């Protein structure tokens, strides 16, 4: 099981389970972080958190707390 | 006669909404607040052919489900006020996510005109969008634009005009949600149609929102007195989650599927190109350079704002001094003279003196926001701020506090989460603003010769430590839980325009004048009254109400070793902290004493010991922020309760810290 936090910057991954629940979970979905979506990890902040991902053609940042709840599979 | 219509601008953040609003309405704007909340409401007007059009600029939103107050405001306006048209501004270069809102607007039954902005950026990315096809599918006009270059405004005005004219014939694009769910929606629609309390809303929208478990809509239905619909929706929801998926996920999925289908037809995707923006990010959010670069930017901001502001502030000071002299030499009645010069002119002056700082800080802040750097600053600092119970977005306001807490607190508007924002506002005054420096310089120069620098620095440090502790404590006591999850877009870097930053600066400045200005003015007049009466103009300050107050509260400060003068000076410091220095000058009969005045320092050495002086400095740092800050806290929290709380906790904290310093000083054997 790979979590979004395990994906190295520069790598792409497909979301297989969106584990963030509640209003925040809904918000992530509205921002395009939905199951089946392929995203790319762009970078990690200088202090190690949050991370920046590319999704639906734009960039979004989220903390590891939430990223750790998103289960993905790395794609080539 | 010209017809009057209302339109609203809606769109995601960072899509050039403000530029389009300014382009449509020119200078005919009015900035206020939405009733009951501290969300900015911008109104503007323009005329096109025979139509007088009022434009409401809705807050930037990613969707129409009310996640933040901003979105709630935007949605309520669209579904309750039903504007004649909603101009949906879409960033063409980021069309996929932007269309999600478009779909929701159409679903809510709005008469949408799509302004497809930033076509140049989309082209630069190699994207090609068939706007006619898009318009056909959405059943809504689509106007390609490059707003920053002024391209597309005429077409947009025409499209709005046409849309409003044919307004009555309703035609909505609908997304299909799959056979099973559609059946449920149609059946719910029927029930909604029978509920008299829900007449004004689009039936299909209410049905879908119920299935999405939207709390606000459920409340609307409850208020409409149709409990049975809620029960029915609930059982359908259970059904959907058993057979298909969690309903919320299901609807979001379907909407994006629909957007994908549209884009499959109208969009030719470009290749990923390496942009200047990517290059900038390599440096600005770099592992090693990111933080130093950020700190350098902040330092430059300070240097710029304060070096540019100082001459203006001096000029304002001189001007009001001159005005006071003119007034006093022309008014013979002493009571009236004192009221006009010390009360009114002094009062207006103490409001206006803040303006240069506020204007400039907001100018720079707006440049940073429009360029996209503000999100990077939050990205870089988030972890550190998260540790103390805040979010990365709180960092810039906290830092600005070292300059002046007033614009710093106004800058918290970029923090969406209300709890995060309140904490940031409440601890911000602990950042030692520039007005407190004269007090430190006066006392450090009198009692800590040779180590003035370190002593003054310790004050700043004390403020930071207290801010961290208070933030943690407030989180524990009043705002349980973690800071809200970070869901922050990192927009591409864009060249900010001086014009839009100047407009932004003007809006903030005038808002400060109108809102906080009144409170500050009143406060100054009250203080003037208390320091002049009952003796009347020209009488000794020692006979005034303020002095009585000082004597009256002095016993509280006696354990700290302070006399009544110290207490009275603090009362004056309430207006603005640097006035503490001036108040001492008055007490010791030294006219025009500044913080470097040696006679004043000598006099102080008789009234304080190093320990009690240090405690006094700490107290001056922490106790009630100045009137302007109180005014702005009221304006930004929209609550007297939190404003009074801020004042009360800072009083208590100041006393506590001063007492600890005094006790520790005595224990360690200092006099």
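The values are calculated or read from the model by the stated rules, or taken from the named source; none is laboratory data. What you see is a predicted model; the values in this text were computed from it and never measured. Ideal geometry is used to build each Cβ from the backbone, glycine not excepted, and the neighbour counts take in all protein chains shown.
Remarks
- Of the set (1) over 24 Å from residue B:13 (Cβ atoms); (2) at pLDDT 90 or above; (3) in a loop (DSSP other than H, G, I, E, B), all apply to residue B:140 but (1).
- The helices (runs of 4 or more DSSP H) found entirely in region B:60-127 that carry 2 or more residues being within 9 Å of chain A (Cβ to nearest Cβ) and out of contact with any helix residue (DSSP H, G or I) (no Cβ under 8 Å at 6 or more places or on another chain) are B:95-107.
- Checking the stated criteria, residue B:23 turns out not to satisfy the condition of being touching a helix residue (DSSP H, G or I) at 6+ places or on another chain (Cβ under 7 Å) and either surrounded by fewer than 16 Cβ atoms within 10 Å (Cβ to Cβ) or without any contact (Cβ under 8 Å) to a residue 40 or more places away in the chain (or both).
- Filter result (modelled with pLDDT of 80 or more and within 16 Å of residue B:533 (Cβ to Cβ)) within region B:317-343: B:333, B:334, B:335, B:336, B:337, B:338, B:339, B:340, B:341
- When region B:466-501 is filtered for residues that are in a helix (DSSP H, G or I) and touching a helix residue (DSSP H, G or I) at 6+ places or on another chain (Cβ under 7 Å), the ones remaining, listed by number, are B:466, B:467, B:470, B:471, B:474, B:475, B:500, B:501.
- Elements of type helices (runs of 4 or more DSSP H) contained in region B:254-344, each with 2 or more residues being touching a helix residue (DSSP H, G or I) at 6+ places or on another chain (Cβ under 6 Å): B:290-330, B:334-338
- Wholly within region B:541-630, helices (runs of 4 or more DSSP H) carrying at least 1 residues that are farther than 26 Å from residue B:402 by Cα: B:545-557, B:564-573, B:579-587, B:598-607
- Checked against the criterion of being surrounded by fewer than 16 Cβ atoms within 10 Å (Cβ to Cβ) and more than 14 Å from chain A (Cβ to nearest Cβ), the candidates B:278, B:314 yield just one match: B:314.
- Close pairs from region B:476-501: first at the interface with chain A (Cβ under 8 Å from one of its Cβ atoms), partner part of a loop (DSSP other than H, G, I, E, B) and at pLDDT 85 or above, Cβ under 6 Å, at least 6 apart: B:486/A:50; B:486/A:63; B:491/B:14; B:491/B:372
- Every residue from region A:32-49 that is over 11 Å from the mean Cα position of the chain (by Cα) and at the interface with chain B (Cβ under 7 Å from one of its Cβ atoms): A:43, A:45, A:46, A:47, A:48, A:49
- Residues of region B:44-59 that are within 28 Å of residue B:256 (Cα to Cα) and either more than 25 Å from the chain's Cα centre (by Cα) or not in a strand (DSSP E or B) (or both): B:58, B:59.
- Taking the criterion of being more than 12 Å from residue B:618 (Cα to Cα) and in contact with a helix residue (DSSP H, G or I) (Cβ under 8 Å, 6 or more places away or on another chain), the residues of region B:439-450 that qualify are B:441, B:442, B:445, B:446, B:447, B:448.
- Exactly one residue among B:66, B:83 is under 26 Å from residue B:134 (Cα atoms) and surrounded by fewer than 23 Cβ atoms within 10 Å (Cβ to Cβ), and that residue is B:83.
- Filter result (facing chain B (nearest Cβ under 8 Å) and farther than 14 Å from residue B:486 by Cβ) within region A:11-22: A:18
- Listed conditions (1) crowded, with 18+ Cβ neighbours inside 10 Å; (2) away from every other protein chain (no Cβ under 14 Å); (3) under 27 Å from residue B:218 (Cα atoms) are all met by residue B:40, apart from (1).
- Verdict on residue A:8 being away from chain B (no Cβ under 12 Å) and surrounded by fewer than 21 Cβ atoms within 10 Å (Cβ to Cβ): yes
- When region B:173-187 is limited to residues that are within 39 Å of the chain's Cα centre (by Cα) and under 18 Å from residue B:210 (Cβ atoms), the one that is modelled with the highest pLDDT turns out to be B:177.
- In region B:376-397, the residues that are facing another protein chain (nearest Cβ under 9 Å) and without any contact (Cβ under 8 Å) to a residue 24 or more places away in the chain form Cβ pairs under 9 Å with partners that are outside any loop (DSSP other than H, G, I, E, B) and crowded, with 24+ Cβ neighbours inside 10 Å, at six or more places apart or across chains, as follows: B:383/B:392; B:384/B:392.
- The set of residues from region B:239-266 being under 15 Å from residue B:209 (Cα atoms) and more than 14 Å from chain A (Cβ to nearest Cβ) comprises just one member, B:240.
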